[in-house]
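Here is the structure we will look at, set down as structure tokens.
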């Protein structure tokens with residue numbers, strides 16, 4: 001046996017990028033070893049894109065609104081998938097730890113809960129990119145539409161929708177930690193409750209007035225209105241971007257707070273050792 | 001290491017009206033191997049969980065390696081580790097990948113080299129490329145032990161370290177742990193139902209029943225105190241004594 005010390009001086013530091021990287025590495029190993037997981041990430045967004053691509057082709061000749069910006073439905077479906085994949089990226093990565101009964105081993109290591117949060121967000125970004133970039137590229141030869149033609153505004157929309165997914169994912173992960181795998185199905189369905197309010201395929205003004213107040217409380221509504229402003233009017237609405245960012249910061253703080261609170265509750269109730277199927 | 005590595009005072013954990021651990025006090029001297037014994041539901045796992053920081057006590061204090069575990073557990077966690085047959089490593093990752101991830105998590109310097117060293121020590125070299133979920137119970141136990149030794153812990157907490165192992169492998173693991181404890185000067189606290197293991201490995205025993213420590217001492221002291229032949233008989237004697245609650249009724 002070699003002499004002490006075996007640990008780096010940063011082992012007990014309040015924050016360690018290496019510990020965050022360790023968590024990311026664990027999930028990258030998992031993805032690398034399972035082609036079905038990678039396929040699953042891109043499968044649904046691709047099917048959605050193909051479906052909405054054909055619908056767009058039909059509407060271009062039958063709807064004056066779609067005819068003004070032929071790619072609006074494809075852009076909308078791809079961007080909506082950013083929210084869904086972003087949220088799944090957080091909650092599924094967390095669920096993987098529960099499914100593999102790894103949570104106790106992780107939390108007797110020096111990993112801090114906020115480092116886990118950061119690791120989940122990094123994984124969410126990676127999983128979302130794997131999910132939405134292939135269909136976005138496929139749309140170019142299939143429908144002669146490139147979502148990348150939006151330019152820099154696309155990056156702003158992507159980041160904001162990803163952040164919204166993070167907030168939801170952290171909240172759902174906190175609920176799963178609190179209520180166990182009984183709350184697992186939330187990871188798959190919760191986001192769809194927000195779809196009608198987000199104005200993905202239609203302007204927010206279509207909603208009843210009282211519902212519009214609720215819709216404007218969602219970052220996604222600001223993003224999709226902003227997307228239509230770019231595509232139909234050629235204008236980038238900074239006011240919508242600012243509201244989306246502010247709302248996202250609020251919801252991420254709420255999601256992270258819920259996750260950390262659930263972690264503390266799990267330590268009080270002994271849920272970390274009981275996690276698993 | 002001299003002095004107490006673990007100091008526990010008035011440790012209590014209540015789940016509603018039930019006290020799973022009820023006002024426990026104990027010290028574990030550095031460099032010793034101590035067993036936490038008791039029947040099912042005696043409070044052993046709850047106590048270990050609180051020592052690891054997985055569970056917050058309802059009352060009491062825990063000091064590990066000179067630090068207050070309730071306030072500064074992250075200062076101590078890099079220097080301790082844990083293994084239990086009831087806690088898994090991700091099944092879909094290979095053994096090498098799992099050990100690499102935990103090497104990074106513990107801040108091990110040159111984790112790949114350390115991983116190889118531990119793998120050689122525990123004779124799991126041939127398992128490194130296999131998925132963890134494909135291993136037998138005995139192989140998983142050795143891999144879990146490798147994970148627990150990656151950071152060369154000063155304090156090792158083990159929950160039934162030889163459960164589900166065949167006698168030969170179990171003997172090999174005990175020998176390895178004793179050797180590790182001597183070489184590293186580490187402290188080991190283990191919960192076990194194997195009294196032969198406890199007699200062989202442990203210098204001290206804490207007997208738990210209904211969340212309390214009902215007796216303590218070396219195996220020889222306890223055997224002598226109860227006038228029995230071995231720890232198995234001592235365990236059965238204590239376990240079959242009427243509970244305090246039953247006596248009160």
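The values are calculated or read from the model by the stated rules, or taken from the named source; none is laboratory data. Since this is a predicted model, take the numbers as computed values, not measurements. So basically every Cβ, Gly included, is an ideal-geometry build from the backbone, and we count neighbours across all protein chains shown.
Below is a table of values for the structure above.
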{"quantity": "Subset of the stretch B:146-176 (residues that are in contact (Cβ under 8 Å) with a residue 60 or more places away in the chain and under 21 Å from residue B:47 (Cβ atoms))", "calculated": "B:148, B:153, B:154, B:155, B:156, B:157, B:158, B:159, B:160, B:161, B:163"}
{"quantity": "Selection within the stretch A:85-101 - assigned to a loop (DSSP other than H, G, I, E, B) and either closer than 16 Å to residue A:178 by Cα or in contact with a helix residue (DSSP H, G or I) (Cβ under 6 Å, 6 or more places away or on another chain) (or both)", "calculated": "A:101"}
{"quantity": "Extreme residue, nearest to the other protein chains (Cβ to nearest Cβ), among residues of the stretch A:34-65 that are free of Cβ contacts under 8 Å to residues at least 24 places away in the same chain and within 30 Å of residue B:98 (Cβ to Cβ)", "calculated": "A:34"}
{"quantity": "Sole residue being under 30 Å from residue B:151 (Cβ atoms), within 14 Å of chain B (Cβ to nearest Cβ) and at pLDDT below 90, chosen from A:7, A:31", "calculated": "A:7"}
{"quantity": "Options B:145, B:99, B:157, B:93: the member that is facing chain A (nearest Cβ under 9 Å), under 21 Å from the mean Cα position of the chain (by Cα) and on the phi < 0 side of the Ramachandran plot", "calculated": "B:157"}
{"quantity": "Qualifying residue in the stretch B:121-128 (condition: over 30 Å from residue B:7 (Cα atoms), within 11 Å of chain A (Cβ to nearest Cβ), touching a helix residue (DSSP H, G or I) at 6+ places or on another chain (Cβ under 9 Å) and modelled with pLDDT under 95)", "calculated": "yes"}
{"quantity": "Where residue A:205 falls short, out of the listed (1) more than 16 Å from the chain's Cα centre (by Cα); (2) touching a residue at least 24 places away in the same chain (Cβ under 8 Å)", "calculated": "(2)"}
{"quantity": "Subset of the stretch B:20-76 that is in contact with a helix residue (DSSP H, G or I) (Cβ under 6 Å, 6 or more places away or on another chain), modelled with pLDDT of 95 or more and more than 14 Å from every other protein chain (Cβ to nearest Cβ) - its residue that is surrounded by the fewest Cβ atoms within 10 Å (Cβ to Cβ)", "calculated": "B:33"}
{"quantity": "Residue B:177 vs. criteria over 27 Å from residue B:10 (Cβ atoms) and within 14 Å of chain A (Cβ to nearest Cβ)", "calculated": "yes"}
{"quantity": "Residue that is free of Cβ contacts under 8 Å to residues at least 60 places away in the same chain, assigned to a helix (DSSP H, G or I) and out of contact with any strand residue (DSSP E or B) (no Cβ under 9 Å at 6 or more places or on another chain), where the choices are A:211, A:171", "calculated": "A:211"}
